[in-house]
1. Quick one: in region 176-205, of everything that is among the acidic types (Asp, Glu) and out of contact with any Phe, Trp or Tyr (no Cβ under 7 Å at 6 or more places or on another chain), which residue is most open to solvent (accessible area, probe 1.4 Å)?
2. Here are some residues: 38, 53. Which one is assigned by the TED database to the domain that holds residue 331 and either out of contact with any strand residue (DSSP E or B) (no Cβ under 6 Å at 6 or more places or on another chain) or closer than 30 Å to residue 233 by Cβ (or both)?
3. Looking at (1) under 21 Å from residue 287 (Cβ atoms); (2) in contact with a Ser or Thr (Cβ under 7 Å, 6 or more places away or on another chain), which is the only condition residue 37 fails?
4. So, of the residues in region 267-290 that are more than 10 Å from the ligand (Cβ to nearest atom) and not hydrophobic (A, V, I, L, M, F, W, C), which turns out to be surrounded by the most Cβ atoms within 10 Å (Cβ to Cβ)?
5. When you go through 56, 45 one by one, which is the residue that is of a type in the set (Ser, Thr, Tyr), near the ligand (Cβ under 9 Å from one of its atoms), under 22 Å from residue 275 (Cα atoms) and in contact (Cβ under 8 Å) with a residue 60 or more places away in the chain?
6. Return the residues of region 208-222 that are open to solvent by less than 20 Å² (accessible area, probe 1.4 Å) and in contact (Cβ under 8 Å) with a residue 40 or more places away in the chain; say none if nothing qualifies.
7. Check off (1) open to solvent by less than 20 Å² (accessible area, probe 1.4 Å); (2) part of a loop (DSSP other than H, G, I, E, B) for residue 259 and give me the number that stays unchecked.
8. Give the residues of region 172-190 that are in contact with a Ser or Thr (Cβ under 7 Å, 6 or more places away or on another chain), more than 14 Å from the ligand (Cβ to nearest atom) and not hydrophobic (A, V, I, L, M, F, W, C), sorted by residue number.
Amino acid sequence: MRPMARVTIIGGGPGGYEAALVAQQLGAEVTVVDRDGLGGSAVLTDCVPSKTLIATAELMSDMTLARDLGIHFRDHQGDPATELYADLGVVNKRVKSLALAQSSDIESRLARRGIRIVKGTGRIDADKRQVIATWTEDDAEEAIESDAVLIATGARPRVLPTAQPDGERILTWEQVYDLDELPSHMIVVGSGVTGAEFASAYLNLGSQVTLVSSRDRVLPGEDADAATVLQDVLERQGMNILSKSRMESVSRDGDEVTVRLTDGREVTGSHCILALGSIPNTEGLGLEEAGIELDEGGFIRTDKVSRTSAYGVYAAGDCTGGFMLASTAAMAGRIAMRHFLGDAVIPMDLKEVAANVFTAPEIATVGYSQAQVDSGEVVADTLRLDLKGNPRAKMQGITDGFVKLISRPGTGVVIGGVVVGPRASELIHPITLAVSTGLTVDQIANTFTVYPSISGSTAEAARRLHHVE
Ligand SMILES: Cc1cc2nc3c(=O)[nH]c(=O)nc-3n(C[C@H](O)[C@H](O)[C@H](O)COP(=O)(O)OP(=O)(O)OC[C@H]3O[C@@H](n4cnc5c(N)ncnc54)[C@H](O)[C@@H]3O)c2cc1C
């Protein structure tokens, strides 16, 4: 380990702050330059706020099941009450205060560990050994000498000239938390993970929802069986999903928002969320001058230990593209620091990344996909077991969802899995453990599960994949 190596990190999201903690632990002198608040978009506008909103939506969804499980609501006079509603002003107040509190917790944690925080905008000097920080408060500039630089500047919502957000009714995902009242009709443009999560959330919160999807089904990048289950559930609950429908423009007239499609159709609602993907925050950072390679989308190219093409400059998180997740950003940042500071490094293996779509039902995935098996890219056995046969699912009134395991034919080693159902994000963990440590289906099948439990279906799926030679 180099004595008191100086590390400067631009960006205080999970890619940056997790790296800062590791670098400090390994003995470096660390400075984090961040312009919008510690925790980054993950904590302030994206991951934490959306999952907090979804926590309310999830409870609303559970409550609609209540009647099937024998629970009824009464008003204060004892008469049956049927209407449940979400007070979005209260919900969003909670969302924002939780996000701010988490940001401030992260800031305090870094400060307690002696990490210097500069509230400002950073860029790297062409000789790469300096970060120039412009302080937010007084516009003063400071050159921070550094032995290594980590760029973790994240990404922002993509907007189009024909669909400009106004922050009131035409919204990016960062702007939805200023709404005081539940939109009567939310149009969500984009059916990738972000679009699907917001569409599902507003539907469960009680809005009428139209989802505009340019593809033939929602979540085109996810397991096709899982996406089909989700689409069935959403349509059964009344969502209007416009498949193969490409948005041309979005405009507002008073309280009305109109989404025009390229085939001439129009959809009118009260609000619209644009979920059109992300673009990296890589402009104005001095990257080209420093000889740092970007791809065609403007994302920084890195290797498996987060090195860029310039010596001593690392990059992590959304600004590098790939799996754009808080967990992968944090891991890439930690790996960068371990690599630079000479600690043991395990290079990033994207096949071990567990990811979740927080819709109702949730969709969690890890490892090789069914699409890779179907295309012949990987030879594997797959088995899907629907949850409707699971005793715990029956007790809980869960009718939709499944567990899918993907394993090597000869050895039975688990190389992938999908879980669709409530809390799939929790249920994927044993499968992730199996994928990352090379467990076989027999090892999973022979491990006790609680009876009754949803995870019993994972063990049962593994049992069914057992080979008799
Ligand atoms: C709606 C939504 C929901 C999501 N939910 C999840 C989820 O549930 N789970 C999950 O794992 N991931 C989720 N993600 C993805 C996750 O939010 C990102 O992958 C994560 O934020 C990436 O972290 P990061 O550190 O790369 O960047 P960010 O979190 O974007 O942080 C970057 C920071 O850098 C700062 N910055 C930028 N440029 C400069 C500069 N020049 N100088 C100084 N500071 C700068 C920014 O202000 C920001 O604070 C979600 C994304 C979206 C859009």
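The values are calculated or read from the model by the stated rules, or taken from the named source; none is laboratory data. Since we're looking at a predicted model, the values are computed, not measured. For neighbour counting, all protein chains shown are included, and Cβ atoms are generated from backbone atoms with ideal geometry for every residue, glycine included. Each accessible area value is taken on the protein alone, full model and side chains, heavy atoms only, with ligands, DNA and RNA left out. Shrake-Rupley method; radii C 1.70, N 1.55, O 1.52, S 1.80 Å.
1. Ranking the candidates gives 181 first.
2. 38
3. Answer for residue 37: the failing condition is (1).
4. Filtering region 267-290 for residues more than 10 Å from the ligand (Cβ to nearest atom) gives 267-272, 274, 276, 279, 287-290.
Next, only the ones that are not hydrophobic (A, V, I, L, M, F, W, C) stay: 268-271, 288-289.
Numbers: 268: 13, 269: 21, 270: 17, 271: 24, 288: 12, 289: 13.
Ranking the candidates gives 271 first.
5. Within the list 56, 45, the selection yields 45.
6. 210, 212, 219 - these are the residues of region 208-222 that are open to solvent by less than 20 Å² (accessible area, probe 1.4 Å) and in contact (Cβ under 8 Å) with a residue 40 or more places away in the chain.
7. (2)
8. Answer for region 172-190, where residues must be in contact with a Ser or Thr (Cβ under 7 Å, 6 or more places away or on another chain), more than 14 Å from the ligand (Cβ to nearest atom) and not hydrophobic (A, V, I, L, M, F, W, C): 183, 184, 185.
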